[in-house]
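Read through the structure below, which is laid out as structure tokens, and then see the notes.
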Amino acid sequence: MRRPIVLDDAWRAAIQSRDIATLARTITAIERSPEFLLQLSREVFSVQPVSSIGITGVPGAGKSTLLNQLIKHYRQAGKNIAVLAVDPSSIQTGGAVLGDRLRMQDHALDDGVFVRSLSTKGQLGGVSETTFITAQLLKFAGFDRIFIETVGIGQNELDIVRVADVSALVFIPGGGDYVQGIKSGVMEVGDVFAINKSDLDGVRALEKVLQMEAHDRENKTGFVTTVCRTNAISGDGVAELSHALETALQSSQALARRASQLRAFSELLLTIELRQHWLKPFVAGERGTAFFADLERGKTQPADIVDAFREAQE
Amino acid sequence: MTQPIRILLAKIGLDTHTIGITVLAKELRDRGFEVIFSGLKQTPEKVAHAALQEDVDVIGVSCLSGGHMTHLKVLAEKMKEMGLDDRILIVGGVVPEEDVEPLKALGVDQVFTMGANMDDIAAFLRSAVSV
Ligand code: B12
Ligand SMILES: Nc1nc2c(ncn2[C@@H]2O[C@H](COP(=O)(O)OP(=O)(O)O)[C@@H](O)[C@H]2O)c(=O)[nH]1
Ligand SMILES: [Mg+2]
């Protein structure tokens, strides 16, 4: 049986000295209890802003391997680094295999590096619901940079902008045709474009396409998007990628993101409150159960749930 | 609502028999577990560190090389040192019958060898862990 976490002075002191056991147990409590998530949210916003950086891109692009190199780069500069690595959960069972940590083994025994694997817990936006508050906890703990690796993205995983101030969108060489296939929404989440696996063929073609995209964006918005080549195995180009990310962190866009993240998180807290105290009790309660039984027998239609809910509140 | 049990799966030393641990990871995922795969060539110290950061409920070590007594002794010591002795520790792979009791004496909660049934493993973990 796990001891419950009490958010007292001893807890604050432990977190702010980056006590790993306390941090790790606190993150579990966030995931397991919505009530705890709310309590914690009252504690961890009283810090100077700390930058958070997203790493996103298609599955297998090399996001985790690239993070292994980025961590090395920041460690050499004496920075303490925390990583939240998100992998998808199974929709059917809720289970997950979280394998990003495997690629970050170079830092397994370094106390200045904290890596935590998170499952999406059924969320479809590329990160989990608790990712933002967990990142905020890590900021409160005093890490210098927070990195967030999303699940491998395809067409529609855009939530990284709600949790990270800037993001690198990681590509792999291979013609560049597939860039056209990527929905514009996904392109927009990248503040820096990284062409990883630059040891493979087809870098130049992809680079041309990405530079055109970057040009286009600069004309429209005025924001500069750097295109970098990286090799996450050798580490080539990682210093340039880090420099591009740090530059992007200075932009007004990063500041605006931070403000909108707070808004998105406030709305999330409200969503959780409504779910826990209104939605769930209704669905599991007498009227909800009766409604779903009727629905199954064809005696009612989906829209009637709204009437049942309204009646239940009267 | 039940929360998924978190389990860290690892291999220690130069043992490269990966089939069992890969099957296990997938089968546990399909039974609703969150499996953190920390890979091959781990040291007991690395396994304990990963378990601490990931705050897993269970540590599972797969060992087919014959090195289980040595590795598990060190791992159990590390776990105690790092305050992880409240976690469930299980071992699988090639473990001779006569080593099972000595492993349990070191702090291993259960041993599952060749042909172990996945439902039994899942059921054991559900009863051993209270999430
Ligand atoms: C396939 C195999 C190989 C393959 C491995 C391929 C791969 N990528 O995995 C290859 C050919 C590479 C190989 C190499 C070697 N092998 Co080999 N290999 C086997 C063999 C025939 C089957 C293993 C297997 O995959 N079984 C299928 C899986 C599904 O079963 P499993 O791993 O046992 O897992 C089940 C359970 O044990 C349990 N489980 C497993 N792990 C865990 C973990 C947890 C936490 C839990 C709960 C459960 C659990 O769940 C699984 C499902 O039931 C075994 C013989 C045997 N009977 O086991 C020998 C065997 C393991 N190998 C052996 C040896 C000696 C070697 C070599 C040293 C041979 C050599 N001289 O080169 C090398 C060593 C390589 C290395 N560095 O580790 C010996 C080990 C002797 C020992 N332990 O004392 C065995 C036992 C053969 C023998 N009888 O001598 N091997
Ligand atoms: N050739 C080459 N392979 C790479 C590079 N970066 C990563 N990989 C390999 O690509 C595979 C997927 O990497 P991973 O980091 O897990 O990708 P992720 O799914 O985006 O996190 C692994 O086998 C890596 O070793 C690179 O720069 N060059
Ligand atoms: Mg990854």
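The values are calculated or read from the model by the stated rules, or taken from the named source; none is laboratory data. Given the structure is predicted, the values throughout are model-derived calculations rather than measurements. Cβ: placed from backbone, ideal geometry, glycine included. Neighbour counts: every protein chain shown. When the accessible area is computed, the model is the full protein with side chains, heavy atoms only, and any ligands, DNA or RNA have been set aside. Shrake-Rupley method; radii C 1.70, N 1.55, O 1.52, S 1.80 Å.
Remarks
- Selected from B:ASP85, B:ASP30, B:ASP55 as most flexible by GNM, with chain B as the system and alpha-carbon contacts under 10 Å: B:ASP30
- Tensor-based shape of chain B (alpha-carbon gyration tensor, a/c under 1.5 rounded, otherwise prolate or oblate): rounded
- Solvent-accessible area per residue in region A:264-313 equals 71 Å², computed with a 1.4 angstrom probe and all protein chains kept.
- Nearest-20 debye value, region A:171-314 charge dipole, Cβ charges on Lys, Arg, Asp, Glu: 100 debye
- Note, ³J(HN,Hα) from phi for region A:257-264, Karplus 6.51, -1.76, 1.60, rounded to Hz, x at Gly and Pro: 4, 4, 5, 6, 5, 5, 5, 4
- Long pairs among B:LYS26/B:LYS46; A:LYS72/B:LYS73; A:LYS63/A:LYS121; A:LYS121/B:LYS41; A:LYS63/A:LYS220; A:LYS139/B:LYS78, criterion Cα-Cα beyond 25 Å: A:LYS72/B:LYS73; A:LYS121/B:LYS41; A:LYS63/A:LYS220; A:LYS139/B:LYS78
- The charge dipole of region B:41-82, taken about its Cα centre with unit charges on the Cβ atoms of Lys, Arg (+1), Asp and Glu (-1) only, comes to about 240 debye.
- Residues losing 20 Å² or more accessible surface upon assembly, region B:18-39, compared with the chain by itself, 1.4 Å: B:ARG29, B:ASP30, B:GLY32, B:GLU34, B:VAL35, B:ILE36, B:PHE37, B:SER38
- Over the protein assembly as shown: helical MRE at 222 nm, DSSP H runs n ≥ 4 each giving -39500 (n - 2.57), nearest 500: -13500 deg cm²/dmol
- Most mobile of B:ALA25, B:ALA105, B:ALA50 in a GNM of chain B (Cα contacts under 10 Å): B:ALA105
- Amide H to amide H, with H built 1.01 Å from N, B:PHE112 comes under 5 Å of B:VAL91, B:GLY92, B:GLY93, counting only residues 5 or more places away or on other chains.
- Shape analysis of region A:219-269 yields a ratio of the Cα radius of gyration to the Kirkwood radius, Rg/Rh, of 1.14.
- Built amide H within the under 5 Å cut-off of A:GLU149, gap 5+: A:ILE55, A:LEU84, A:ALA85, A:VAL86
- Unit charges on C-beta of K, R, D, E only; dipole of region A:46-250, Debye: 220 debye
- Cα-only radius of gyration and Dmax that characterise region A:129-238, units Å: 15.0, 43
- Farthest positive-ward along region A:46-250 dipole, Cα basis, beta-carbon charges - from A:ALA168, A:LEU158, A:PHE132: A:PHE132
- Region A:17-84-region A:268-314 distance, computed between alpha-carbon centres (Å): 36 Å
- For region A:1-69, the convex hull drawn through the C-alpha positions has a volume of 159 cubic angstrom per residue.
- Relative compactness, the protein assembly as shown, computed as alpha-carbon Rg over 2.2 N^0.38 Å: 1.05
- Contact surface A-B: accessible area buried, both sides summed, square angstrom, 1.4 angstrom probe: 2600 Å²
- Only lysines eight or more places from A:LYS299 in sequence, or on another chain, were considered; those with a Cα closer than 24 Å are A:LYS280.
- Stokes-Einstein D (µm²/s) once Rh is taken as the Kirkwood radius of region A:260-310 over alpha-carbon pairs, at 20 °C in 1.002 mPa s: 174 µm²/s
- Per-peptide average of other Cβ atoms within 10 Å, ordering A:93-102, B:63-72, A:294-303 highest first: A:93-102, B:63-72, A:294-303
- Listed residues B:ILE12, B:ILE21, B:ILE121, most fluctuating in chain B (Gaussian network, C-alpha, under 10 Å): B:ILE121
- DSSP beta bridge pairing in region A:46-250, given as percent antiparallel to the nearest 5: 0 percent
- Per-residue 3J(HN,Hα) values for region A:8-15, derived from phi via the Karplus relation 6.51 cos²θ - 1.76 cosθ + 1.60 with θ = phi - 60°, read 10, 4, 5, 5, 4, 4, 5, 5 Hz in sequence order (x marks Gly and Pro).
- Karplus 3J(HN,Hα) series, Hz, for region A:268-282 with 6.51 cos²θ - 1.76 cosθ + 1.60 (x for Gly, Pro): 5, 4, 5, 4, 5, 4, 5, 5, 5, 9, 10, 5, 4, x, 5
- Solvent-accessible area, 1.4 Å probe, carbon plus sulfur percent, for the protein assembly as shown: 53 percent
- Between the listed residues A:LEU70, A:GLY190, A:GLY202, the Cα displaced farthest toward the positive end of the dipole of chain A, a dipole computed from Cβ unit charges relative to the Cα centre, is found at A:LEU70.
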